Structures are given as structure tokens and as C-alpha cells.
Amino acid sequence: MTKQLVILSGKGGTGKTTFTAALAHLAAQELSIVMADADVDAANLELVLDPQQVSQHDFFGGQLAFIDPDVCTSCGTCASVCRFDAVTSDPYTVDPVACEGCAACYFQCPVEAIHMEEQRAGLWFHSTTRFGPLFHAHLFAGQENSGKLVTQVKLRARVAAADQGADLVLVDGPPGIGCPVISAVGGADLALMVVEPTVSGAHDLVRILGTADHFGVPAVVAINKADLNPARSDEITAFCQEQGIEVVGRVPYDTVVTEAMVQGQPVTAFSDGSVSQSLRQVWARVWGVLG
């Protein structure tokens, strides 16, 4: 049965993509994997995996209202019911930037002069990498429904994994605890939480652990750059022990991570130093939990 591992954090910049790329490199040495970059608002896993695009597809994320001037009687009903001041008069039109797609004007128009149109909100891609297929996406600036696009990316990855009988779907999740994260964590067999040893990192770890627990997804924790604040790392470890959550690794800080990214490689493929050794231990423990 295909396992699904999602890598999350309560905030951005903790090293999720670094971990995902490294685990993809390590997992592909012994397993068949499919990857999904679920951080559709700022996807960057492709920067490390050097994907070759196989196909590109439109994503339609919502609707906007449009007024037919040939039918409109200028009664003003649409303007009166719009809570977002998106309707302007003389002639009556809808501002596509202000429109939220709620369709209140559509349902209230007495002459049916308003129709709703699907909006092209982004793109999703199927690519190949040296580690396996990658599904990723780009949400256009100012567009919403990123949770829906995350669901699309994950769905495509799961279908591809089922078709090829893959052992693992590896998901690079978005930061925070909002709708995109909920879409990313849903259906996962395990969530790996990447946390930094800072006050904000520890605070946001509590939030993201609560999110995973709410959806019944078990979690393990890895502390990134753990040696920069050993005392805080110890506090996070103690907290996890109190909660019955396994800490699968404490990865040290090293500029080799940045050097590997500049070269477009996972750090575990670029160097065999302390960071790579720690990440190998993380992968072994994570797969031990999953397997």
C-alpha cells in the first residue's frame, strides 16, 4: 500500500523544502516515490529537483460576475446587494478585482442580466525528476482557492502513485495552519513537522501539531538548525516527550545547505557532512514509523 508523508511547519522558512528534497533523494534509493509540491503560493521544490515538464494544465479556482449590458435595465439591485462595492454604475459593470464571486447579484437580478464565469486562477504541472514524478503548481498573483489547487496537486500525485504502484507519496506542504495546510495534511499517513529552535518556532509547532491531531494524522518532529539554540531545542524535545511525540532528529546548522541549493541539489546528494548524516537518520526513523 502506498504511504503518504507530508512535511509541514507552523511558519515559513524552517527548512521544509530542504528536508523534502533530501528525503526524496534518500527514499528514491530504495523505494518508488511520487512527489507533490503543495506550497502552491510559493512553490520552490522544483529549484532543487530540476524537473523536466511533461504537461501543463489550467486551474480554475472561482467565479466572477459579469453584467450583460444588452439585458441590464439599470435598476441598481446588483449594486445594493453587493457587500464588496464591486458594482459600478453608468453603465452597470462589475469590477473583477473587487468581486468576491459570492453570486448575490446573480441571484437578485430581476431580469437575469448577470452571469457567473469560471476564472483561470493558476496552472498545475506534471514533471519528471531524477527521483520520480513531481506534481507542482503556480497560483496567479491575487488569486484565491489555493486550498483547492493543493487538493488538485495531491490528487494527481496519488493517482500517479496508484498507477505505478509507488511506495511513497512525498508532499512538501505549505506553511501555517490555513486552508492550504488542511488540504495538504488530509489523508496523510504521517506528518513530519520541521521546527526551528526559536520562540516563534516552538509556538507555531504547537499550532501545527494541533492541526494534524484535529484531522487524525500522526506526527513526528525534526528540529532544524538545532545547535544554534541548544537550550530551546531541549525545551522542544521535552515538550514533544510530554505529548508522546517522537523527535526523529536534530539537524545542525551548516552553510552547505545553501551551497547545495545554489547548485540545484538536495544537500544529501551534494555533501556527506553532519547535516546529511543527520538527515539520513531522520529518514530512517521516519520510514521506520511509516513502514
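The values are calculated or read from the model by the stated rules, or taken from the named source; none is laboratory data. A quick note: this is a predicted structure, and the numbers were derived from the prediction, not measured. So basically every Cβ, Gly included, is an ideal-geometry build from the backbone, and we count neighbours across all protein chains shown.
Being farther than 18 Å from L45 by Cα and either of a type in the set (S, T, N, Q) or at pLDDT 95 or above (or both) is the requirement here; does S127 meet it? No: the conditions fail for S127. I236 meets all of the listed conditions (1) out of contact with any Leu (no Cβ under 8 Å at 6 or more places or on another chain); (2) more than 17 Å from R285 (Cα to Cα); (3) buried (at least 18 other Cβ atoms within 10 Å of the Cβ) but one, namely (1). Here E112 does not fit the description of being surrounded by fewer than 16 Cβ atoms within 10 Å (Cβ to Cβ) and touching a Phe, Trp or Tyr at 6+ places or on another chain (Cβ under 8 Å).
Checking the stated criteria, A36 turns out to be touching a Lys or Arg at 6+ places or on another chain (Cβ under 6 Å), farther than 30 Å from T93 by Cα and outside any loop (DSSP other than H, G, I, E, B). The set of residues from the range 81-102 being assigned to a loop (DSSP other than H, G, I, E, B), crowded, with 16+ Cβ neighbours inside 10 Å, in contact with a strand residue (DSSP E or B) (Cβ under 6 Å, 6 or more places away or on another chain) and not hydroxyl-bearing (S, T, Y) comprises A86, C99, G101. A search for C-beta distances below 6 Å between a residue of the range 232-261 that is touching a residue at least 40 places away in the same chain (Cβ under 8 Å) and any residue that is part of a helix (DSSP H, G or I) and surrounded by fewer than 14 Cβ atoms within 10 Å (Cβ to Cβ), counting only pairs 6+ apart in sequence or on different chains, returns nothing. Looking at the range 185-291, none of the helices (runs of 4 or more DSSP H) lying wholly inside it contains 2 or more residues that are within 28 Å of L149 (Cβ to Cβ) and touching an Asp or Glu at 6+ places or on another chain (Cβ under 8 Å). Could you say which residue among V159, V150 is surrounded by 19 or more Cβ atoms within 10 Å (Cβ to Cβ) and either part of a helix (DSSP H, G or I) or in contact with a helix residue (DSSP H, G or I) (Cβ under 8 Å, 6 or more places away or on another chain) (or both)? The conditions single out V150.
Residues that are of a type in the set (A, V, I, L, M, F, W, C) and assigned to a helix (DSSP H, G or I) were ranked within the range 61-80; the one that is surrounded by the fewest Cβ atoms within 10 Å (Cβ to Cβ) is A79. Look through the range 91-132, keep the residues that are of a type in the set (D, E) and touching a residue at least 12 places away in the same chain (Cβ under 8 Å), and return whichever of them is farthest from A22 (Cα to Cα). Top of the filtered list is E112. Total residues in the range 27-41 satisfying the condition of being touching a Pro at 6+ places or on another chain (Cβ under 8 Å) and surrounded by fewer than 24 Cβ atoms within 10 Å (Cβ to Cβ): the figure is 1. Filtered by the rule that a residue be hydrophobic (A, V, I, L, M, F, W, C) and within 9 Å of I67 (Cα to Cα), the range 101-115 gives A113, I114.
Scanning the range 103-119 for residues that are in a loop (DSSP other than H, G, I, E, B) and closer than 14 Å to S80 by Cα yields A103, C109, P110. Being assigned by TED's automatic domain parsing to the domain that holds A21 and part of a strand (DSSP E or B) is true of P174. Screening the candidates D58, D50 for the property of being surrounded by fewer than 20 Cβ atoms within 10 Å (Cβ to Cβ), on the phi > 0 side of the Ramachandran plot, charged (D, E, K, R) and touching a residue at least 12 places away in the same chain (Cβ under 8 Å) yields one hit, D50.
State whether one or more residues within the range 171-180 are at pLDDT 95 or above and hydrophobic (A, V, I, L, M, F, W, C). Yes, the conditions are met somewhere in the range 171-180. Going through the range 3-33 one residue at a time, which ones are part of a helix (DSSP H, G or I) and among the hydrophobic types (A, V, I, L, M, F, W, C)? If the condition is that a residue be part of a helix (DSSP H, G or I) and among the hydrophobic types (A, V, I, L, M, F, W, C), then F19, A21, A22, L23, A24, L26, A27 are the ones that fit.
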